[in-house]
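Report on one structure; see the data block that follows.
The values are calculated or read from the model by the stated rules, or taken from the named source; none is laboratory data. Nothing here was measured: the structure is a model prediction, and the numbers come from that model. As a convention, Cβ positions derive from the backbone with ideal geometry for all residues, glycine included, and neighbour counts pool all protein chains shown. For the accessible areas, the whole protein counts, side chains as well, though only heavy atoms, and no ligand, DNA or RNA atoms are used. Shrake-Rupley method; radii C 1.70, N 1.55, O 1.52, S 1.80 Å.
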Amino acid sequence: MKSILIAVVCASSLMAASPEVGNYMQQLQTEASEPFDAARGEALFTAEQIGKKGTKIACTSCHGSDLTQKGKNVNTGKIIDALSPGANPARLTSLKEVKKWLRRNFKDVYNREGTAQEKGDVLTYIMQYR
Amino acid sequence: MKKHLFVITCALLAVGSVYLAADDHYEKHNAQRYEKTAAEDAVTSGGQKRSTAPVETTSARLYKNECGACHMAYQPGLLPRASWTRMMVSLGDHFGTDATLEPADAAELAAYLDANAYVSAPSSKHMARIAKSVSADAPMQISQAGYFVKEHRRIPQRAIVQPDVKSLANCNACHTKAENGSYREREIFIPNYGRWDD
């Protein structure tokens with residue numbers, strides 16, 4: 001368990017999320033059963049679901065499938081800045097924002113809150129996106 | 001006879017252009033008044049000295065950041081207080097999406113909207129007419145307000161449903177200064193369609 005934590009800490013520092021977001025990921029990891037995995041995060045991010053509105057939706061519906069590019073809100077057409085911290089250094093710098101959007105977007109796409117495991121997997125995918 | 005017709009035509013044209021100019025002047029004046037009062041309001045509610053430079057309160061900034069993240073931050077004066085109150089208690093299902101906020105932010109925004117809603121806000125003429133005509137069946141939908149529907153009734157569907165606009169709720173797709181609270185006819189430019197004048 002300790003080695004996982006150390007790995008997460010090292011990985012987070014490499015991936016340039018703010019320390020508070022790094023701490024949050026460590027906290028999520030203590031609540032999750034598996035080490036976070038970007039491939040699982042990608043699957044969560046790209047899978048189409050029947051969302052809150054009762055229609056098909058995926059995270060990519062608004063964020064697009066290339067996270068280094070801007071996305072577009074599927075409902076309103078408003079442009080969404082790139083999600084990848086590599087392309088948009090403002091990403092994953094505010095814990096408040098991270099928590100808010102994970103809460104809202106899981107509900108919109110999966111019609112429920114994400115688990116600690118799922119949130120960590122998705123965050124890992126976003127951080128490692130190249 | 002021909003001469004009379006010519007004189008009458010000229011007179012009508014002159015009257016028409018004076019009317020258009022006056023209307024335009026009125027719209028412009030109203031937009032300026034709105035901006036000015038909004039700035040003054042921001043200064044006084046901030047409890048600071050009056051100044052001529054527009055000052056944005058932290059609540060106004062919060063409103064723009066939170067609500068404006070997904071759609072244009074509609075001017076609070078576009079809806080009456082009751083509409084905003086209902087909006088703020090139903091953010092868990094906000095037009096089919098989850099728009100929930102942290103409790104402290106939600107409370108701050110509820111107070112901001114209550115203070116700046118149509119009843120007390122320095123609305124422009126058009127915004128006031130929209131707020132006054134909000135439908136009882138859809139009290140949260142600006143685009144369902146009677147005056148709003150009337151003003152947009154002649155726009156062809158294809159100009160609205162196109163990807164660059166999507167719906168009438170997307171004010172700033174065509175009203176180029178909508179984010180500043182100005183909806184003057186002169187400032188309308190419909191993407192892939194052109195200027196609009198009625």
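Can A:Gln26 be described as assigned to a loop (DSSP other than H, G, I, E, B) and not small (Gly, Ala, Ser)?
Working: assigned to a loop (DSSP other than H, G, I, E, B): no; not small (Gly, Ala, Ser): yes.
Taking the combined requirement at face value, the residue does not satisfy it.
Cβ-Cβ distances below 7 Å connect the following pairs, each with a first residue in segment A:51-76 that is small (Gly, Ala, Ser), a second residue that is open to solvent by 50 Å² or more (accessible area, probe 1.4 Å), and a separation of six or more residues or different chains: A:Gly51/A:Asn111; A:Ala58/A:Thr46; A:Ala58/A:Glu48; A:Ala58/A:Gln49; A:Ser61/A:Val74; A:Ser65/A:Thr46.
So, of the residues in segment A:64-79 that are open to solvent by less than 30 Å² (accessible area, probe 1.4 Å) and within 13 Å of chain B (Cβ to nearest Cβ), which turns out to be nearest to the chain's Cα centre (by Cα)? Steps first, answer last, please.
First pass over segment A:64-79, keeping only residues open to solvent by less than 30 Å² (accessible area, probe 1.4 Å): A:64, A:67, A:71, A:73, A:77.
Of the ones still in play, those that are also within 13 Å of chain B (Cβ to nearest Cβ) are A:71, A:73, A:77.
On the way: A:Gly71: 15, A:Asn73: 17, A:Gly77: 21 Å.
Restricting to residues being open to solvent by less than 30 Å² (accessible area, probe 1.4 Å) and within 13 Å of chain B (Cβ to nearest Cβ), the top hit is A:Gly71.
A search for C-beta distances below 8 Å between a residue of segment B:173-187 that is within 14 Å of chain A (Cβ to nearest Cβ) and any residue that is among the aliphatic types (A, V, I, L, M) and surrounded by fewer than 18 Cβ atoms within 10 Å (Cβ to Cβ), counting only pairs 6+ apart in sequence or on different chains, returns B:Glu179/B:Ala73.
Inspect segment B:145-166 for any residue being of a type in the set (S, T, N, Q), open to solvent by 70 Å² or more (accessible area, probe 1.4 Å) and away from chain A (no Cβ under 14 Å) and give the result as yes or no.
So the first thing to find is which residues in segment B:145-166 are of a type in the set (S, T, N, Q), and the list is B:157, B:162.
From what's left, open to solvent by 70 Å² or more (accessible area, probe 1.4 Å): B:157.
Narrowing further to those that are away from chain A (no Cβ under 14 Å): B:157.
Yes.
B:Arg195 satisfies every condition listed in (1) open to solvent by less than 20 Å² (accessible area, probe 1.4 Å); (2) free of Cβ contacts under 8 Å to residues at least 12 places away in the same chain except (1).
Here's the yes/no breakdown for (1) free of Cβ contacts under 8 Å to residues at least 40 places away in the same chain; (2) touching a helix residue (DSSP H, G or I) at 6+ places or on another chain (Cβ under 8 Å); (3) crowded, with 17+ Cβ neighbours inside 10 Å; (4) within 11 Å of another protein chain (Cβ to nearest Cβ):
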site: B:Pro76; (1), (2), (3), (4): no, yes, yes, no
site: B:Leu79; (1), (2), (3), (4): no, yes, yes, no
site: B:Ala111; (1), (2), (3), (4): no, yes, no, no
site: B:Tyr118; (1), (2), (3), (4): no, yes, yes, no
site: B:Ala136; (1), (2), (3), (4): yes, no, no, no
site: B:Gln141; (1), (2), (3), (4): yes, no, no, no
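Regarding A:Gly120, is this residue within 23 Å of B:Ala99 (Cα to Cα) and part of a helix (DSSP H, G or I)? Against the criterion (within 23 Å of B:Ala99 (Cα to Cα) and part of a helix (DSSP H, G or I)), A:Gly120 qualifies.
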